[in-house]
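The values are calculated or read from the model by the stated rules, or taken from the named source; none is laboratory data. Please read these numbers as outputs of a predicted model, since none were measured by experiment. Counting neighbours? That spans all protein chains shown, and the Cβs are built from the backbone with ideal geometry, glycine included.
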Amino acid sequence: MRFLPVRRPRSLAGQLFAMQAVLIAVLVAGYALFSYVSDRSQAEDAAGRQAMAVARSIADAPSVRDAIRTANPTKDLQPYALQVQRDTGVDFVTIMNPQGIRWTHPDETLIGKHFLGHIGPALRGKSFTETYTGSLG
């Protein structure tokens, strides 16, 4: 006949070890979560600064200021925007009129269509960035 083993209560040392292991696991998980959130925030801030620098450079470019005064701004601005996109490594460059109609876009079928984001702060002379799902995803 076989007897089932009797479970003995864990020793104090065993209980302390288990508690320390759980505490270390919680601390490591908390640090990993903090690092992830912090790194993501820093990456978003850096991307925003890069986008703002590119946007200001485009807005201040004499060739852009000249092109927007022509009858067909897209003719000169589209190649310029694509070149800036390649040179700076940004995902896209869209230049639009004050009504939000695109003069440039990486997807040329969207040129002449309405921009999907917000332009209110820009119309008030404020620089800003935003995160949203637009025509490029």
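Of a type outside the set (Ser, Thr, Tyr), on the phi < 0 side of the Ramachandran plot, part of a loop (DSSP other than H, G, I, E, B) and loosely packed, with under 11 Cβ neighbours inside 10 Å: is that true of Arg40 in this structure?
No, not satisfied.
Would you pick out the residues in the stretch 1-52 that are farther than 30 Å from Asp91 by Cα and touching a residue at least 12 places away in the same chain (Cβ under 8 Å)?
Hits for the stretch 1-52: nothing passes.
Just to be sure I understand, how many residues within the stretch 64-94 are more than 20 Å from Thr131 (Cα to Cα) and surrounded by 11 or more Cβ atoms within 10 Å (Cβ to Cβ)?
Looking only at that region, the number is 17.
Is one or more of the residues making up the stretch 99-113 in a loop (DSSP other than H, G, I, E, B) and of a type in the set (D, E, K, R)?
The answer is yes; a qualifying residue exists.
Suppose we filter the stretch 114-128 for residues that are surrounded by 13 or more Cβ atoms within 10 Å (Cβ to Cβ) and assigned to a loop (DSSP other than H, G, I, E, B); how many remain?
5
Could you say whether any residue in the stretch 77-88 is at pLDDT 90 or above, closer than 24 Å to Gly120 by Cβ, of a type outside the set (D, E, K, R) and more than 24 Å from the chain's Cα centre (by Cα)?
Checked the stretch 77-88: at least one residue is at pLDDT 90 or above, closer than 24 Å to Gly120 by Cβ, of a type outside the set (D, E, K, R) and more than 24 Å from the chain's Cα centre (by Cα).
Of all residues in the stretch 81-104, how many are over 25 Å from Glu44 (Cα atoms) and touching a residue at least 24 places away in the same chain (Cβ under 8 Å)?
3
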